[in-house]
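Encoded as structure tokens, the structure appears first; notes follow it.
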Amino acid sequence: MKFEKNILCIGAGYVGGPSMAVFALKCPQYKITVADVNKDRIKAWNSDKLPVYEPGLDEVVRETRGRNLFFDTNIAKCIKEADIIFVSVNTPTKTFGIGAGKAANLQFVEKVAREILKESDSNKIVVEKSTLPVKTAEALKRILYSDHEKGVHFQVVSNPEFLAEGTAIEDMKDPDRVLIGSEQTPEGIRARDEIVEIYANWVPREKIITANIWSSELSKLVANAFLAQRVSSINSISALCERTGADINEVSYAIGCDSRIGPKFLKASVGFGGSCFKKDILNLVYIAQSYGLKEVADYWEQVITMNEYQETRFVDRMVRLMFNTVTDKKIALLGFAFKTNTGDTRESPAILISKKLIEEKAEVVITDPKALENARKDLADYKDLVTFEDDPYKAAEGAHAIAILTAWEQYATLDYKRIYDAMEHPAFIFDGCNLLDINKMYELGFNIIPLGRPSRARDI
Ligand code: UDX
Ligand code: ADP
């Protein structure tokens, strides 16, 4: 079959894979290829066990793979064939040199740009889709426009990704908005319109926003910074609730009813995780600092400080309430993913909480329906000091305490009587997700310690 366009995405991760699967679903007239240097990843994308868990993803891949969706490792060949190339490689925070701990490490993006330049023998639109700091497009352009002899022209377009893990497929199918930034030249606008056309296959035109390239790049960082700020704001108040007897759920509800504030993203938690929030704020802080905007940088950095405080506060409180020692006590952690409906554990608060408990010499058992494989990797340095268990009932057997760290639905409906009977007594539940009915748990015999809400406990 002859396809209308050849679209390539370089990087088959959490962003590249699901977003291209939806492109393929919604645009059967295009050939969509996802390429990656990681051969195992591509093999997994071509198998029945996809490397990324997302509700609805399996179905979309099953319908499109081999029809107009392809996964490949031959990047050079794929570049040659492509009209439009999305760059969706990872951009971790730099761990060394200038900007260490804050700036994005652009080595993977740069490498891809050089590869595109080397392999291209026809004009192409290059779309930055990874989360990238402001002015990355500039860096891409500098590389791509550097070979004047070649006679091949590139246009760099920014199309930031706003999808959230766990709802990636729904978010792609029905986005709040799609943002496309381009140079404001006739060629830039032509390239932008080609990307608009792809999305217009299923997204209403009024939801497709266009902007200059820097606004587009900055909007991505700012959107994540605002979302994270809401979580840190409510988490800061959860600490105050615990001291005053107020209930964070009641406060969230009351303030969320103000239409100017709105009800979303006001759920207190053990802290935000995920690959984006911390990295994007650090980036924002770094950019502000590099322009000499100290107050701006300090303002946003506080969002991260508050998040670290929330994680630490939760685990410190566990230790304190368990009579100031958890040494040799079995503690079952229910949930390790940074949120529900994903197996992703990047920046999950569960990592810090587990490490601190292990350092306190607790016997830590971790259970999670999707994230155990990643949890094992995250805690590889502690592998003899922690156990992993598929079955939450087994994880809780003989435990002194359980802590709920991810709000998996199934944890709300476990048989807590059975769990209580199999635990050591006094038995504690630290409900970091406010998932359980406080009075019911108390009546079963537990000391129940929710987050930002009044506890009910006999033994403290
Ligand atoms: C985020 C952005 O939402 C998305 O637009 C962007 O493209 C990538 O980063 P994601 O990291 O997948 O998506 O998860 P998100 O749903 O935003 O949650 C982030 C963290 O905040 C999670 O740890 C979640 O548990 C926490 N959170 C969220 C809260 O603690 N309380 C809330 O009310 C909402
Ligand atoms: P994200 O959450 O941004 O999608 P991931 O780490 O899940 O990040 O995915 C990024 C993918 O990009 C990884 O699978 C990685 O192997 C791939 N990648 C990194 N550098 C290159 C490169 N030069 N060429 C092709 N793929 C790359």
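The stretch between Lys417 and Asp121 holds 99.8 nm of extra length on full extension. This uses 0.36 nm per residue minus the Cα-Cα distance. Considering only Thr413, Gly432, Ile255, the residue lying farthest towards the positive end of the dipole of the chain is Ile255, judged by Cα position with unit charges set on Cβ. Here Glu308 and Tyr393 are evaluated by their C-beta separation; at R0 = 41 Å the FRET efficiency comes out at 0.80.
Going by the alpha-carbon gyration tensor, a ≥ b ≥ c the square roots of its eigenvalues, is segment 5-203 rounded (a/c under 1.5) or, if a/c is not under 1.5, prolate (a/b greater than b/c) versus oblate? Verdict is rounded for segment 5-203. Here the Karplus curve 6.51 cos²θ - 1.76 cosθ + 1.60, taken at θ = phi - 60°, turns the phi angles of segment 2-19 into couplings of 8, 8, 5, 9, 10, 10, 10, 10, 9, x, 10, x, 5, 8, x, x, x, 5 Hz, with x standing for Gly and Pro. The average projected area of the chain, computed from the convex hull of its Cα atoms over all directions, is 23.4 nm².
Look at the dipole of the chain built from charges on Cβ: of Ile449, Gly97, Ser275, the Cα furthest out on the positive end belongs to Gly97. Modelled spin labels at Phe226 and Ile261, positioned 7 Å past Cα toward Cβ, are 1.7 nm from each other.
Simple point charges give the picture: +1 on the Cβ of Lys and Arg, -1 on the Cβ of Asp and Glu, and for segment 245-460 a dipole about the Cα centre of about 260 debye. Karplus-derived 3J(HN,Hα) values for segment 174-182, using 6.51 cos²θ - 1.76 cosθ + 1.60 with θ = phi - 60°, are 9, x, 5, 7, 10, 10, 10, x, 8 Hz; glycine and proline are entered as x.
Working value for segment 182-249: equivalent-ellipsoid semi-axes of 42, 14, 6 Å, each the square root of 5 times a Cα gyration tensor eigenvalue, largest first. Taking label positions 7 Å along the Cα-Cβ direction at both Ala246 and Ser146, the computed distance is 5.5 nm, reported to one decimal. Remark on Val178: its backbone amide H falls under 5 Å from those of Ile208, Ile209, a criterion applied only to residues 5 or more positions apart or on other chains, H modelled at 1.01 Å from N.
Taken about its Cα centre, segment 5-203 carries a charge dipole of roughly 460 debye when the Cβ of each Lys and Arg holds +1 and the Cβ of each Asp and Glu holds -1. Full extension of the chain between Lys77 and Lys5 gives 24.4 nm of extra length, using 0.36 nm per residue less the Cα-Cα distance. Under 5 Å from the amide H of Ile366 lie the amide H atoms of Leu333, Thr387, Phe388, Glu389, each residue being 5 or more positions distant or on a separate chain, with H modelled from the backbone and absent for Pro and chain starts. Couplings 3J(HN,Hα) for segment 411-416, derived from phi with the Karplus relation 6.51 cos²θ - 1.76 cosθ + 1.60 (θ = phi - 60°), are 6, 6, 10, 5, 7, 6 Hz, where x marks Gly and Pro. For Glu59 and Glu206, a Förster radius of 22 Å and the Cβ-Cβ distance give a FRET efficiency of 0.20, rounded to the nearest 0.05.
Of the peptides 264-277, 147-160, 25-38, the order by per-residue mean of other Cβ atoms within 10 Å, starting with the highest, comes out as 264-277, 25-38, 147-160.
Computed over protein heavy atoms with a 1.4 Å probe, the carbon and sulfur contribution to the accessible area of the chain reaches 51%. Protection proxy ranking for 287-293, 93-99, 225-231, using the average of other Cβ atoms within 10 Å per residue and placing the highest first: 225-231, 287-293, 93-99. In a simple Cβ point-charge model (Lys, Arg +1; Asp, Glu -1; nothing else charged), the chain has a dipole of about 580 debye relative to its Cα centre. Against the chain, whose longest principal axis is taken from its Cα atoms, helix 277-290 shows a tilt of about 60°.
Of the residues Val196, Ile143, Phe71, the one whose Cα sits farthest toward the positive end of the charge dipole of segment 5-203, with +1 on the Cβ of Lys and Arg and -1 on the Cβ of Asp and Glu, is Ile143.
Remark: the Asp459-Phe96 segment gains 125.9 nm on full extension, using 0.36 nm per residue and subtracting the alpha carbon distance. The value of relative contact order for the chain, using C-alpha pairs under 8 Å at least six residues apart, is 11 percent. Across segment 269-372, the relative contact order, built from alpha-carbon pairs under 8 Å that are at least six residues apart, equals 32 percent.
Please go through the residue pairs Lys31/Lys102; Lys80/Lys135; Lys5/Lys279; Lys264/Lys417; Lys43/Lys267 and name each one whose alpha carbons sit more than 29 Å apart in this structure. Listed pairs above 29 Å: Lys31/Lys102; Lys5/Lys279; Lys264/Lys417; Lys43/Lys267.
The values are calculated or read from the model by the stated rules, or taken from the named source; none is laboratory data. Since the model is a prediction, treat every value here as computed from it, not as a measurement. Positions of Cβ are backbone-derived with ideal geometry, glycine not excepted, and every protein chain shown enters the neighbour counts. Surface areas here come from the heavy atoms of the whole protein model, side chains and all, with no ligands, DNA or RNA. Shrake-Rupley method; radii C 1.70, N 1.55, O 1.52, S 1.80 Å.
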